[in-house]
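All remarks here apply to the structure that follows.
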Amino acid sequence: MTNPDLPKPDYARNMRIVGYSDQGGRPDGVQLMVNKGHAIVGHMFSNGFSVIDCRDPRNPRPVAYVPAPPNTWNIHLQAHEDLLLVINAKNMFAAAEFQDEEQYYKGALGKKVGTAEARGAAERNWTAGMSVFDIADPASPRQIGFMPVEGGGIHRIWYVGGRWAYASALIDGFTDYIFITIDMSDPTQPREVGRYWLPGMNLAAGETPSWDASRRNGLHHAIVHGDTAYASWRDAGLVILDIADRAAPKLIAHRNWSPPYGGGTHNALPLPDRDLLVVADEAVLDKCADGIKYIWIFDIREKSNPVSISTLPTPAEEDYCAKGAHFGPHNIHENRPDAMVSDQVIYATYQNAGVRVFDISNAYQPKEIAALVPPAPKRMMDTRPNRARVIQSCDIWVSKDELIYCSDYNAGLYIMERTG
């Protein structure tokens with residue numbers, strides 16, 4: 001039975017909303033994890049992160065809020081069993097230089113953030129690194145460790161248990177975020193072990209970028225399977241790394257389709273049993289100013305030669321470019337071991353086009369099988385000027401019983417299920 005008090009979607013096909021939370025009055029959310037029935041959500045504008053008890057998904061209840069250090073955001077996080085890893089970085093969207101959103105997605109971020117010249121006389125006033133929390137009781141996170149970095153901070157982490165974590169880090173002397181490996185054998189004292197960057201990124205070592213200065217050739221994050229890291233390098237495309245030696249990652253392949261396409265590569269999800277890789281390019285500018293972005297399927301039977309074989313269909317039931325804000329892929333469900341794992345069905349957020357579900361059983365002819373577009377947010381948490389009050393479905397996490405959790409920059413936590 002449908003709860004009449006739930007938000008009414010603007011569009012729904014083979015999906016429905018089963019639960020909703022405004023996250024304790026902090027409805028802005030970026031990355032989310034679900035651990036022991038609790039959703040843990042990193043905030044974009046409220047700083048810190050919140051925990052919502054979703055053991056009854058029809059009645060999610062906020063139970064904890066952990067504030068970030070001053071001028072620091074905790075937008076991304078990773079939860080596995082009793083550990084929670086949380087990024088600490090400069091709060092970019094609170095900074096004066098990034099009030100025009102395009103400036104964040106344009107040019108070498110390291111030159112804008114990491115150098116003394118960029119800061120002028122000001123000292124760093126943010127915390128940079130990775131926090132580790134004990135979440136044996138997810139409603140009561142308890143910090144037990146911290147790994148500092150010298151620079152802008154960490155952007156996103158991959159951690160699914162065991163000794164190793166992997167992160168994108170903005171470190172002094174580099175043009176943008178690079179790949180680092182982190183030893184978690186002692187969670188109270190995580191430590192960096194290895195690094196990889198594209199040639200030209202290490203300014204401190206005298207390297208010179210070969211790409212146009214307007215491009216964001218920096219790592220968003222990598223998804224790791226076995227001894228291979230599948231790294232999404234924003235405007236530099238896809239980078240596949242051999243990480244058998246965690247201290248010395250080696251390049252297997254680098255492919256970039258921008259230009260002619262618009263860049264912003266954001267997720268690279270391996271489907272090992274099918275030798276496929278699902279790669280999402282993030283839409284980062286309003287009203288499709290950076291072009292239509294796609295989710296691509298690559299054949300990776302030969303890792304050194306990944307070949308694009310199809311794209312997932314683009315939502316087209318209305319003119320989403322004209323709707324305002326961002327239209328296009330943001331995140332895909334990343335098949336974490338404590339969640340639903342599928343190499344047949346892909347769940348994705350499309351920002352102002354909500355959540356989309358795709359059947360890729362025929363990898364050459366993927367098709368959309370379900371969709372839901374939540375309504376506009378009741379109020380804006382985004383403090384930047386000229387932001388449209390439009391839904392921006394952000395991250396997605398799908399449980400083993402296929403409950404779909406979705407965050408939004410302004411609109412709170414939605415819990416959904418497929419009906420068809």
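We did not get these values from a lab; they are worked out from the coordinates using the rules stated. Computed from a predicted structure; not experimentally measured. Cβ: placed from backbone, ideal geometry, glycine included. Neighbour counts: every protein chain shown.
Calculated mean residue ellipticity at 222 nm for the chain: -500 deg cm²/dmol, from DSSP H runs with n ≥ 4 weighted as -39500 (n - 2.57), summed, divided by the residue count and rounded to 500. Residues whose amide H falls under 5 Å from that of Glu207, counting only those 5 or more places apart or on a different chain, are Asn202, with hydrogens built in the peptide plane.
Shape index of the chain: Rg/Rh, with Rg the Cα radius of gyration and Rh the Kirkwood radius from the inverse mean 1/r over Cα pairs, equals 0.93. Close amide-amide hydrogen proximity is noted between His266 and Ala280, Asp281, Glu282, each under 5 Å apart and 5 or more residues distant or on a separate chain (H modeled in the peptide plane; Pro and chain starts excluded). Under 17 Å of direct C-alpha separation, and excluding same-chain neighbours fewer than eight residues apart, Lys36 reaches these lysines: Lys400. Fewest-first ordering of Leu203, Leu32 by other beta carbons within 10 Å of each residue's beta carbon gives Leu203, Leu32. Near Ile369, the amide H atoms lying under 5 Å from its own belong to Val357, Phe358, Asp359; only residues 5 or more places off or on other chains count, and H is placed 1.01 Å from N. From the P(r) of the stretch 279-420, could you give the percentage of C-alpha pairs in the tail past 26 Å? The share of Cα pairs beyond 26 Å in the stretch 279-420 comes to 24 percent. Counting neighbouring Cβ atoms within 10 Å and putting the fewest first, the residues Val279, Val193 line up as Val193, Val279.
Does the stretch 1-156 come out rounded, prolate or oblate by the C-alpha gyration tensor, with a ≥ b ≥ c the root eigenvalues, rounded set by a/c under 1.5 and, if not, prolate when a/b is larger than b/c and oblate if not? It is oblate, given that a/c is not under 1.5 and a/b is not larger than b/c. Based on the Kirkwood radius over alpha-carbon pairs, what value in µm²/s does the Stokes-Einstein equation return for the translational diffusion coefficient of the stretch 26-98 at 25 °C and 0.890 mPa s? Value of D from the Cα-based Kirkwood radius: 195 µm²/s. Karplus-derived 3J(HN,Hα) values for the stretch 54-68, using 6.51 cos²θ - 1.76 cosθ + 1.60 with θ = phi - 60°, are 10, 4, 9, x, 7, 9, x, 10, x, 10, 7, 9, 10, x, 7 Hz; glycine and proline are entered as x.
Jot down the per residue volume, in cubic angstrom and as a whole number, of the convex hull over the alpha-carbon atoms of the stretch 231-328.
On the way: hull volume 10.1 nm³, N = 98.
Output value, Cα hull per residue: 103 Å³.
Between Arg191 and Arg58, full extension at 0.36 nm per residue minus the direct alpha carbon distance yields a gain of 43.9 nm. Lacking any other cysteine beta-carbon closer than 4.7 Å, the following Cys residues of the chain have no compatible partner: Cys54, Cys394, Cys406. Over the stretch 202-261, what number does the Rg to Rh ratio reach, with both radii from the alpha-carbon atoms and Rh per Kirkwood? Reported Rg/Rh (Cα atoms, Kirkwood Rh): 1.00.
Beta bridges from DSSP with both residues in the chain: antiparallel share about 100 percent, rounded to the nearest 5.
With R₀ set to 30 Å, the beta-carbon distance separating Phe146 from Ala247 gives a calculated FRET efficiency near 0.90.
Panel values: the stretch 1-44, Kirkwood radius from alpha carbon pairs, Stokes-Einstein at 20 °C and 1.002 mPa s, translational diffusion coefficient 172 µm²/s. Mean sequence separation of contacting Cα pairs (under 8 Å, at least six apart), scaled by the length of the chain, corresponds to a relative contact order of 16 percent.
In plain terms, the chain from Ile309 to Tyr364 could stretch by 19.2 nm, reckoned as 0.36 nm per residue minus the Cα-Cα distance. The base-10 log of I(q)/I(0) for the stretch 354-420, evaluated at q = 0.14, 0.16 Å⁻¹, reads -0.51, -0.63 [Debye formula, identical scatterers on Cα atoms, solvent excluded]. Taking Cβ atoms as reference points and 14 Å as the exclusive limit, the residues near Ala370 contribute a net charge of 0, counting Lys and Arg as +1 and Asp and Glu as -1. Cα centroids of the stretch 76-116 and the stretch 131-194: 14 Å apart. Aspartates and glutamates within cross-link reach of Lys112: Cα-Cα under 18 Å, excluding same-chain residues under 8 positions apart? Of all the aspartates and glutamates, those that pass the test against Lys112 - Cα under 18 Å, at least 8 places apart if same chain - are Glu97, Asp100, Glu101, Glu102, Glu123, Glu150, Asp172, Asp176, Glu207, Asp212, Asp235. Simple point charges give the picture: +1 on the Cβ of Lys and Arg, -1 on the Cβ of Asp and Glu, and for the chain a dipole about the Cα centre of about 460 debye.
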